[in-house]
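Worksheet: one structure, shown below.
The values are calculated or read from the model by the stated rules, or taken from the named source; none is laboratory data. Nothing here was measured: the structure is a model prediction, and the numbers come from that model. When we count neighbours, we look across all protein chains shown, and the Cβ atoms used for this are built from the backbone with ideal geometry, even at glycine.
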Amino acid sequence: MTAELPAGDSQTSPTRPDEEANEAAAEVAAPPTAVSSPDREAGEADIEGEPRAETQVEVEDEAGARPGDRPKRTTVEHVRSFADFLRFLVELEGELKTLPLEKNSPARKALWASVDFDNFADVIARIAERDFKLSTSVTLLVSADKFGLAGNARRNINELATRIVLGHRLFHTDDTLCESLYRLLSGDPDEEALSRALGRAQYLIKHAIDVERNRKPVPKAKIAAMAALAENAAQAVVLIAASAADWNVARCVEIFADKLWGAGGPVPESAAAREKLATLSKSARVTAALIVDSTRNRLRSAESERDHARTQMQVAQNQCRRLSQELAAARARSTEIESELNSRIAALQQESDARRKERMLVTSDFKRVRVDTARVIGQQVESLEDALGALENGDTDVTDEFVRHSIKHLKRSLSALRSAAEEDLQGKA
């Protein structure tokens, strides 16, 4: 990965040894598919997106100057449009350094424009062809983070970096990597897409090295270039995902640690370990402090969540105890009510049985009285009939005797009925 330089340093680095490494490493990969050449046909889209026959970048600037009046090489200070920005990347010598994209700078304003990237497909392919180690993609994304680009400018940098990665000679025909990377570019937080993109990029790089090794020994320059490519490809994929989804620092530290840095070994408790900490470079100290602060913030957040969860647990336990007490009281009351209910049911049953027995007795007495009354009345009717017959025959003494006898028996029956009625009234009272 290209080292980050101060924002004001916008010059390019004439590192010819890196270009030699690129040329050596290029033999490992497949032939390029979008290389600019003098045989380029008229009608292809140039940097401005207009059809023309020239192969070099010759577009009049906004002041109307002729191509011959322009500087020999475009620098970032000359960028006034997105096309100028791409021209600057095409004409770049050496690796791209961190771009000065301060607020209100011309380059930053140029990146805010709405861009149809399909109009610049050929130019981006030329940038991808020269960016064998993908240092340009990484530096673009790092510069966007350093100067806090947002909105269209951020989206344009993300899209440009993604197209440069996918335009690489090792990646441009791989549908799996393309699909995964564009999912990340859309802001999809799917970690499987991130793992798939990282794994696929590393596989394609390793496969290219293995193919070359099967043909002949691979020079150290090629191995070094491919190692740089592997590191930058991984960083570019993670930075594209982070930029598109707007990850916070804690999330970035987590993903970098899991996907790029790898797990560290146990920390030795010795003076040698302290010496390593004391001799860290300034940039390493800043990065270490950022990681430590992020870890502390996450730890504090976790502790706060733990304390909140513990408080909620205590509240729940208190509520559980209170509800348990209420349940025990309710069960005791339920037992009491059930016992009282059973007692009342038993009492009602006894009362019902007594009433039934009484009703049966009353019914029996009523039947007996009715039978006795009917018998007495029948006997006395016969006696009165005899008395009537004697009266008709003029035997008044016999008539008197029969009448008196009937009255006596009727009074006796009436007295018995009255006694029974009085007993019933007293029983009901």
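Sort out which residues of segment 192-207 are touching a helix residue (DSSP H, G or I) at 6+ places or on another chain (Cβ under 7 Å) and either assigned to a loop (DSSP other than H, G, I, E, B) or farther than 12 Å from residue 176 by Cβ (or both), and write them in order of number.
Matches in segment 192-207: 194, 202, 205.
Hey, residue 197 hits all of (1) of a type in the set (Gly, Ala, Ser); (2) under 26 Å from residue 100 (Cα atoms); (3) touching a residue at least 40 places away in the same chain (Cβ under 8 Å) but one; which does it fall short on?
Of everything listed in (1) of a type in the set (Gly, Ala, Ser); (2) under 26 Å from residue 100 (Cα atoms); (3) touching a residue at least 40 places away in the same chain (Cβ under 8 Å), residue 197 misses just condition (2).
Tally time: how many residues in segment 80-133 are small (Gly, Ala, Ser) and in a loop (DSSP other than H, G, I, E, B)?
So the count comes out to 5.
Within segment 156-177, can you find the residues that are in contact (Cβ under 8 Å) with a residue 40 or more places away in the chain, surrounded by 19 or more Cβ atoms within 10 Å (Cβ to Cβ) and not in a loop (DSSP other than H, G, I, E, B)?
Correct list: 156, 157, 158, 160, 161, 162, 163, 164, 165.
Please find, within segment 290-332, the residue that is farthest from residue 251 (Cα to Cα) out of those that are modelled with pLDDT under 90 and among the β-branched types (Val, Ile, Thr).
That would be 292.
Here are 138, 76, 90, 115: which of them is within 25 Å of residue 225 (Cβ to Cβ), β-branched (Val, Ile, Thr) and surrounded by fewer than 24 Cβ atoms within 10 Å (Cβ to Cβ)?
Of 138, 76, 90, 115, the one residue that is within 25 Å of residue 225 (Cβ to Cβ), β-branched (Val, Ile, Thr) and surrounded by fewer than 24 Cβ atoms within 10 Å (Cβ to Cβ) is 90.
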